[in-house]
Structure formats: structure tokens, C-alpha cells
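The values are calculated or read from the model by the stated rules, or taken from the named source; none is laboratory data. As the structure is a prediction and not an experimental result, all values here were calculated from the model. When we count neighbours, we look across all protein chains shown, and the Cβ atoms used for this are built from the backbone with ideal geometry, even at glycine. All accessible areas refer to the heavy atoms of the entire protein, side chains included, with ligands and DNA or RNA removed. Shrake-Rupley method; radii C 1.70, N 1.55, O 1.52, S 1.80 Å.
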Amino acid sequence: GSALRYEYYSDFGSTLNYKIASRYKINKKFNFRTSYSTGFRAPSLAQIYYNLTFTNFIGNNPTESFLVANNSPIARRFNIDNLKEEKARNFSLGFTAKLSPSLNIAIDGYLVSIKDRIILSGNFDATNLGIGISNVQFFANGVNTKTSGLDLVVNWKNKFENSELSIDFS
């Protein structure tokens, strides 16, 4: 299987993402499956335009802090770049088994890699800005992340005279 998805964002341009997936039937009981896809997430309006003044506790000391909009001149003074979109790549590999009419097992491994993930920065010293605020924070494209995992699903069911018992383990 395959899929294409085109998106257009007025602030970030366009993106073409895709997915390719396959399943190979080994026999009536066993299947092998895999997929690869790309993804895109534009920054939210709050991550670009939101400002907030709050009291932040650093250690035990309260201090006035300012969450600065990413598109503000203050963000540029601290060398915070304009937000870019996050780009993802996803890969999965799995195996399924129908061991009996009442027992199914699936195991899938996955890897998700995200480039330019948007995070909330740490505190920057803002005392030299002259606005009565001690610290500022920003949303920024701060890290690249990888997430991997393994999913196991076991389904068992048994029919009795007038009822059915089903147990799912994930």
C-alpha cells in the first residue's frame, strides 16, 4: 500500500508526505508487515505568537518570568530563530500469528525520528532588557529526537454454551 499527502501552510509553505506499507503472507497462520512514512507538523499559533508573564520559582526564589512569542524582537535579541516545522520519519516492522481459531499474537517494533522538535527553552537572563522581568523563555526548534519501542498484543477468546470469554493482553 502507499499514500501521498500534500499540505500547504501559508507561513511554512508546502509539504508532500508519503507512506509505504507492505504485508507478506508467509502461510495461513503467519504474516510479516512493515511500513515507512514521513510526517510534518507546523508550529501552533500559541508557539509562535503567545506571550505570558508568570512567577517562576527557581530553587526557592520567586522570580518574574516572561514567555516571549517566538516572532518577537526580544527572541531575536537572544538569537532564537523563527520556528520551523517539525519533520518526522517513521519505520515499523511486525509479525502476526494466528496460532489457533481462538489465539492471535502480534509483535511490532517501531522507530520514530523527529527533526527540529519544538521545545520550551530554559530561562535566559533578561535583567538587561529594562522591562522589569528577570527571565525570559521561548519556544524554539531545540532538539532532534528518536523514539523506539516494541508492542506485543495477544488476543484469546473461548466460546461456552451461552457466552464468550475474551482476554486481550497489550
Worksheet entry | Value at 222 nm in deg cm²/dmol, rounded to 500, when DSSP H runs of n ≥ 4 in the chain each add -39,500 (n - 2.57) | -1000 deg cm²/dmol
Discussion item. Can you pull out the trypsin sites (Lys or Arg not before Pro) in the stretch 1-96 whose DSSP state is coil and whose Cβ has at most 14 other Cβ atoms within 10 Å?
Written reply: 28, 29, 84
Fill in: the chain - charge dipole about Cα centre, Lys and Arg +1 at Cβ, Asp and Glu -1, debye rounded to 20
960
Discussion item. Using a probe radius of 1.4 Å on heavy atoms only, what accessible surface per residue do you get for the chain? Whole Å² is fine.
Written reply: 67
Practice prompt. Mind sorting out which of [x] -0.56, -0.86, -0.98; [y] -0.33, -0.81, -1.06; [z] -0.37, -0.80, -0.97 is the real log10 I(q)/I(0) by the Debye sum over Cα atoms at q = 0.09, 0.14, 0.16 Å⁻¹ computed from the coordinates?
Written response: [x]
Worksheet item: Once Rh for the stretch 1-70 is found with the Kirkwood sum over Cα pairs, what is the Stokes-Einstein diffusion coefficient at 25 °C and 0.890 mPa s, in µm²/s?
Response: 146
Discussion item. Name the residue from 128, 143, 96 whose Cα lies farthest towards the positive end of the charge dipole of the stretch 10-161, charges +1 on Cβ of Lys and Arg and -1 on Cβ of Asp and Glu.
Written reply: 96
Worksheet item: What residue among 74, 133, 26 has the largest mean-square fluctuation in a Gaussian network model of the chain, using Cα springs under 10 Å?
Response: 26
Practice prompt. Distance between Cα centroids, the stretch 1-38 to the stretch 64-143: provide it in whole Å.
Written response: 23
Worksheet item: Taking all protein chains as present, what is the carbon and sulfur share of the accessible area of the chain, in % to the nearest whole number, probe 1.4 Å?
Response: 55
